[in-house]
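The values are calculated or read from the model by the stated rules, or taken from the named source; none is laboratory data. Just so it is clear, the model here is predicted, and its values are computed rather than measured. Virtual Cβ from ideal backbone geometry, glycine too; neighbours counted across all protein chains shown. Ligands, DNA and RNA are stripped out before the accessible areas are found, and what is left, the full protein with its side chains, is counted by its heavy atoms. Shrake-Rupley method; radii C 1.70, N 1.55, O 1.52, S 1.80 Å.
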Amino acid sequence: MPDLLIELFSEEIPARMQKRAGEDLQKLVTNGLVDAGLTYGSAAVFTTPRRLTLALGDMLAASPRQVEERKGPKADAPEKAIEGFLRGAGLTRDQLEERDTPKGKILFAKIEKPGRPAAEIVAEVLEQTIRNFPWPKSMRWGAGNLKWVRPLHSILCIISDEAGAEVVPLTVDGITAGNTTRGHRFLAPDEIEVTGFEDYQAKLARASVVLDPASRADTIWHDATNVAFAAGLEVVEDAGLLAEVAGLVEYPVVLMGRIGKDFLGLPPEVLQTSMKEHQKFFSVRNPKSGQIERFITVANRTTADEGTTILAGNEKVLGARLSDAKFFWDNDLRTVTAEGGMETWVKALENVTFHNKLGTQAELIDRMATLSHELAPLVGADADEAEQAARVAKADLSSEMVYEFPELQGLMGSYYARKAGLSDAVADAAKDHYAPLGPSDDVPTAPVSIAVALAEKIDKLTGFWAIDEKPTGSKDPFALRRAALGVIRILVENDLNISGLSALQISYAALINSQLDADRANILVGDVDGTELWSRGSHVTLDDGETARRNDSEIAQAIEQGEIIFTDGSADHGSRIALPNEFASSVLSFIHDRLKVYLRDQGIRHDVIDACIAMEGSDDLTLLVKRARALSETLKTDDGENLIQGFKRANNILSQAEEADGVEYSFGADPKFAETDAEKDLFAALDKAEAKITPAMAAQDFSTAMAGMAELRGPIDAFFETVQVNADNPTVRRNRLNLLSRIRTICSAVADLTKLDG
Amino acid sequence: MSDAAQKPRSFQEIILALQGYWARQGCAVLQPYDMEVGAGTFHPATTLRSLGSQPWAAAYVQPSRRPTDGRYGENPNRLQHYYQYQVLIKPSPPNLQELYLGSLEAIGIDMALHDIRFVEDDWESPTLGAWGLGWEVWCDGMEVSQFTYFQQVGGHDCHPVSGELTYGLERLAMYVLGVDHVMDMPFNSPDAPIPLTYGDVFKQTEEEFARWNFDTANTDVLLDQFNEAETHCKFILEQPAEDPKTGKRIVMAHPAYDQCIKASHIFNLLDARGVISVTERQAYIGRVRALAKQCADAFVQTRAGGWTPEQDSAT
């Protein structure tokens, strides 16, 4: 059976797109061929910077003849209907078959589709593939209209068998398919004619093109580790970089170069970042000292001087890059070790806007400092140290190094903080307070870092909420979802109990104070007996610098409606600034929504979380998660699931009775009115459960509490099986309803079970 | 005439070699634009001429300013004022990569000894509302050029597509000449009666401008100038197409674009002064982009931009 070889030869394809492009080429072509009836035995795909290659083995030479049977009208149907059917099938009346069916004689048509030669099908499929290729980014060139990742130069498309190779007739936007390609751009640029895949791969190998990216990566890694090993060094592993570099060359040649002595004192992260980001160099480390001492670069060719010129060039470029980095490092060190230290940088942040409605970076830092100070005792940190850490955590934004390498923010801060003589806890907080940056990023665990990391995120949520920049749909320009998830993970993973509402209150007060101090709030509406009155409704309308004083009757009305915040006019308005309920619940429900996503990934249903959110104290996220986990585990057991049914039944009967009778049954169930054993058993079981649940709840041991509830399942089921709640005797009825109310109370300790689905 | 190059010995020889090479490839060799710009792309010969259907081929040197890159003339290869060599050909010819490699040979880079690479680098100019796909070209790990196929400029799709080449002249020349510090690079022939280095020409100005850019430029004045340029640009574009004096149709795309260039440069200065935050940056860039878009809209209403009288009568 014949083989198919396709090569799409273009200008340099970005390394990061090559793998996916190879997969897409294979998928689109093979799907297209198979859909058209052209099956094949094997498929292999290869990519280089300049080509996507697909080789199919044992492909059908033509699609098989297809016979389609079509059911028509009844044999005695009107002439018109039969004519229409014939026209659709392209047949005449005598070619139809009459078949007896339970519904009478029906006409059937057999439509034969002849097979099509492979070349015809391949041409169609490949053209469609090229025209609809899913590049992440594509472009036009010259005066043409075709889109490709970079200009497409040639299409090689041949079908070959023992008899020889045949070019598939195909032209896409002026590019006609042929049986030629080209070798390495510099080492073997001439045209090469090929007759099949093996011939193609062999000729390319002779023309200095290693077709298989895996084999290029292997060569690079093998040669790199060898040359490093020979020098007593080791290559710093970096799979992403390896794949990228393998996509930058057709003929890899590994060269190891030196890093100038002057630069070896730079932090290793600076060396690595600079070499990797700018130069795509691997770092080479001294295994004894852990220092990065050399680099490995991968050239795309051999040269007569064995790479001497190339290596010298690369060393020179690196020298220039690193002398820039060293310039920044030296300048920065001079600043932090001088008088003023990192404060100089914080001061400079007074001129840098964080957001035009939320003030400067320096104001942000003030708020973070206040909040960190307040949060510190709750997370086991020293309040003053946390405040100091918050004050310097963002100082490195003024540093020259971070200006040049923004990805080093925080990390540089911690280097500089140590050089400035600050404590390790403070230095670490600079590095850690941005964390977690992604769902798989570690959360900070050191108390001071936790305080500052929480402060950073809570202030962000409060601030952007206050100026009404909430995320909408897919838009979340200030990464508030990430901030909320960060707060959740820091608290839950460190098992910290903090009231979210108190934290929001502190953050909100800090925000309003900061807005007032900066004259961005226009909320002074007047004063009563020397106490200033501030309007709650407008305090975050920030653009209008004017003070909106109102007349006395307006003030009186506003006080009545709760729109007024009292302050005593001193510098600290904080203690009197109330967190508006609506604001608090809006932020909290946003956090709760993120929590649902977070817990859903851990297999906890959203209705379980809703049931727990409905409980008091659900602004303590750690507590909330404990409730949800306990409930979720219980629901997975047979007892748990049935308990919920029993609870719901009890609750429904009770609610209906309460509505009908207009009273609340909540007290006074007495075993002496119990008539049946099931009833008595339930009394006993409830007493027992209560004894177990009450201390468990006090210890926030929700699992034990839920286990205690689950034990009620049997008695509750038995009760409902044998006892008629709405007894004729009103005393017995009332007693039974009060008994149900005990079930409701006990079962509602951990979560509001009425919120559960099903 | 052969492109086989003699090894150049000075900065200016490299510039002359490029001028000669691209002249031989049929480009109109233009002169620098007489305004402060951040890059050769800002020259109207690129920005505006990449729009519309008219074919175009131009090459020129463009002095460029990047205030934040100033290092008082001390850094071996960072300058706040430097030269770019810019080539723009529309439509992009199919052998543009080969033409480009030819230009490297023309300035004395031996293709047999060096490692030339085309590394993904999509170009986007948020201030010009422009983007394109292409590469940075590496010679032994050194970025020596930008190579871009323009897809959109000033919010307009480019059709046909222009191929743009930008060479950072100092860096490229240092490489070719084997100089380690830009200030040591021979500017004219080392055998000239008065041999001058790059430092002789530019050390003084780099120091002065670094101080000015970073610490002295009056930000209040600059903020005013930014606003003035913006207002002025809009004012120019608001004028009717028909000139009341001559009665001719004169759409003033270029004068308006001058104001856009001005605003862009002032923004760069403000940025160097460190008074623009990340969030504000976006707003400023957006304002310059709005101007660039309006200028592009105006340019396609000119004859050079492909406008024909029939277009008007058709509407």
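Annotations
- Identity of the residue in the stretch A:479-488, in contact (Cβ under 8 Å) with a residue 60 or more places away in the chain and more than 16 Å from A:LEU375 (Cα to Cα), that ends up surrounded by the most Cβ atoms within 10 Å (Cβ to Cβ): A:ALA484
- Taken together, B:ARG281, B:ARG287, B:ARG303 contain a single residue that is more than 29 Å from A:PHE354 (Cβ to Cβ) and basic (Lys, Arg), which is B:ARG303.
- Residue pairs whose Cβ atoms lie under 9 Å apart, sitting 6 or more positions apart in sequence or on different chains, and linking a residue in the stretch A:82-102 that is closer than 9 Å to A:GLY72 by Cβ to a partner that is surrounded by 10 or more Cβ atoms within 10 Å (Cβ to Cβ) and of a type in the set (Phe, Trp, Tyr), are A:LEU96/A:PHE85; A:LEU96/A:PHE108.
- Selection status of A:ALA312, within 23 Å of B:PHE118 (Cβ to Cβ), of a type in the set (Gly, Ala, Ser), within 14 Å of another protein chain (Cβ to nearest Cβ) and surrounded by fewer than 21 Cβ atoms within 10 Å (Cβ to Cβ): yes
- Of the numbered criteria (1) closer than 24 Å to A:LEU739 by Cα; (2) surrounded by fewer than 22 Cβ atoms within 10 Å (Cβ to Cβ); (3) not assigned by TED's automatic domain parsing to the domain that holds A:ILE716, the one A:ARG594 fails is (1).
Yes or no, residue by residue, for (1) assigned to a loop (DSSP other than H, G, I, E, B); (2) surrounded by fewer than 20 Cβ atoms within 10 Å (Cβ to Cβ); (3) hydroxyl-bearing (Ser, Thr, Tyr):
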| residue | (1), (2), (3) |
| --- | --- |
| A:TYR415 | no, no, yes |
| A:GLY438 | yes, yes, no |
| A:THR445 | yes, yes, yes |
| A:VAL452 | no, no, no |
| A:ILE458 | no, no, no |
| A:PHE464 | no, no, no |
| A:ASP468 | yes, yes, no |
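- Filter result (open to solvent by 10 Å² or more (accessible area, probe 1.4 Å), more than 8 Å from every other protein chain (Cβ to nearest Cβ) and touching a residue at least 40 places away in the same chain (Cβ under 8 Å)) within the stretch A:291-309: A:GLU293, A:ARG294, A:THR302
- Flag for B:GLU230 being surrounded by 17 or more Cβ atoms within 10 Å (Cβ to Cβ), on the phi < 0 side of the Ramachandran plot and not assigned by TED's automatic domain parsing to the domain that holds B:VAL37: yes
- Here the strands (runs of 3 or more DSSP E) wholly within the stretch A:88-198 that include at least 3 residues being within 13 Å of chain B (Cβ to nearest Cβ) are A:152-161.
- Residue in the stretch A:334-353 that is under 18 Å from A:LEU511 (Cα atoms) and either more than 14 Å from every other protein chain (Cβ to nearest Cβ) or not in a helix (DSSP H, G or I) (or both) present: yes
- Test: A:LYS357 is surrounded by fewer than 20 Cβ atoms within 10 Å (Cβ to Cβ), in a helix (DSSP H, G or I) and assigned by TED's automatic domain parsing to the domain that holds A:GLN409: no
- Put simply, of A:VAL270, A:VAL227, A:VAL210, A:VAL284 the only residue that is part of a loop (DSSP other than H, G, I, E, B) and away from every other protein chain (no Cβ under 13 Å) is A:VAL210.
- Any pair with Cβ under 9 angstrom, 6 or more apart, that starts in the stretch B:89-101 at a residue that is touching a residue at least 12 places away in the same chain (Cβ under 8 Å) and closer than 10 Å to B:ALA57 by Cβ and ends at one that is open to solvent by 30 Å² or more (accessible area, probe 1.4 Å) and among the charged types (D, E, K, R): B:LYS90/B:ARG49
- For the stretch B:146-159, the set of residues classified as free of Cβ contacts under 8 Å to residues at least 40 places away in the same chain and more than 12 Å from every other protein chain (Cβ to nearest Cβ) consists of B:GLN146 only.
- Only one entry of A:THR171, A:THR176, A:THR225, A:THR181 meets the criterion of being among the hydroxyl-bearing types (Ser, Thr, Tyr) and either within 25 Å of A:GLN272 (Cα to Cα) or in the same structural domain as A:PHE282 (by TED's automatic domain parsing) (or both), and that entry is A:THR225.
- The listed residue being small (Gly, Ala, Ser), surrounded by fewer than 19 Cβ atoms within 10 Å (Cβ to Cβ) and over 30 Å from A:GLY183 (Cα atoms), out of A:GLY57, A:GLY72, A:GLY84: A:GLY84
- Pair list, Cβ under 8 Å, 6 or more apart: the stretch B:195-212 residue open to solvent by less than 80 Å² (accessible area, probe 1.4 Å), other residue acidic (Asp, Glu): B:THR197/B:ASP184; B:TYR198/B:GLU170; B:TYR198/B:ASP184; B:GLY199/B:ASP184
- Residue in the stretch A:146-156 that is closer than 13 Å to A:ASP24 by Cα, of a type outside the set (A, V, I, L, M, F, W, C) and open to solvent by 50 Å² or more (accessible area, probe 1.4 Å) present: no
- Residue count, the stretch B:65-102 (criterion: in contact with a Ser or Thr (Cβ under 9 Å, 6 or more places away or on another chain), away from chain A (no Cβ under 13 Å) and either surrounded by fewer than 20 Cβ atoms within 10 Å (Cβ to Cβ) or within 27 Å of B:TYR21 (Cα to Cα) (or both)): 8
- The residue that is nearest to the chain's Cα centre (by Cα), counting only those in the stretch B:160-186 that are open to solvent by 20 Å² or more (accessible area, probe 1.4 Å), at pLDDT below 95 and away from chain A (no Cβ under 11 Å), is B:GLY168.
- Residues that are closer than 19 Å to A:LEU631 by Cβ and either open to solvent by 70 Å² or more (accessible area, probe 1.4 Å) or not assigned by TED's automatic domain parsing to the domain that holds A:SER741 (or both), drawn from the stretch A:701-729: A:SER703, A:GLU711
- Some residue of the stretch A:648-670 being touching a Cys at 6+ places or on another chain (Cβ under 7 Å), part of a helix (DSSP H, G or I), open to solvent by less than 20 Å² (accessible area, probe 1.4 Å) and touching a residue at least 24 places away in the same chain (Cβ under 8 Å): no
Yes/no per residue for (1) under 21 Å from A:PRO406 (Cα atoms); (2) surrounded by fewer than 18 Cβ atoms within 10 Å (Cβ to Cβ); (3) at pLDDT below 95:
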{"position": "A:ALA246", "(1), (2), (3)": "no, no, no"}
{"position": "A:GLU250", "(1), (2), (3)": "no, no, no"}
{"position": "A:LEU255", "(1), (2), (3)": "no, no, no"}
{"position": "A:ASP262", "(1), (2), (3)": "no, yes, yes"}
{"position": "A:VAL270", "(1), (2), (3)": "yes, no, yes"}
{"position": "A:SER274", "(1), (2), (3)": "yes, no, yes"}
{"position": "A:VAL284", "(1), (2), (3)": "no, no, no"}
{"position": "A:SER289", "(1), (2), (3)": "no, yes, yes"}
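- Look at (1) modelled with pLDDT of 95 or more; (2) touching a strand residue (DSSP E or B) at 6+ places or on another chain (Cβ under 9 Å) and you find that A:HIS184 fails only one, number (2).
- B:GLU143, sole failed condition from (1) modelled with pLDDT under 95; (2) within 10 Å of chain A (Cβ to nearest Cβ); (3) open to solvent by less than 10 Å² (accessible area, probe 1.4 Å): (3)
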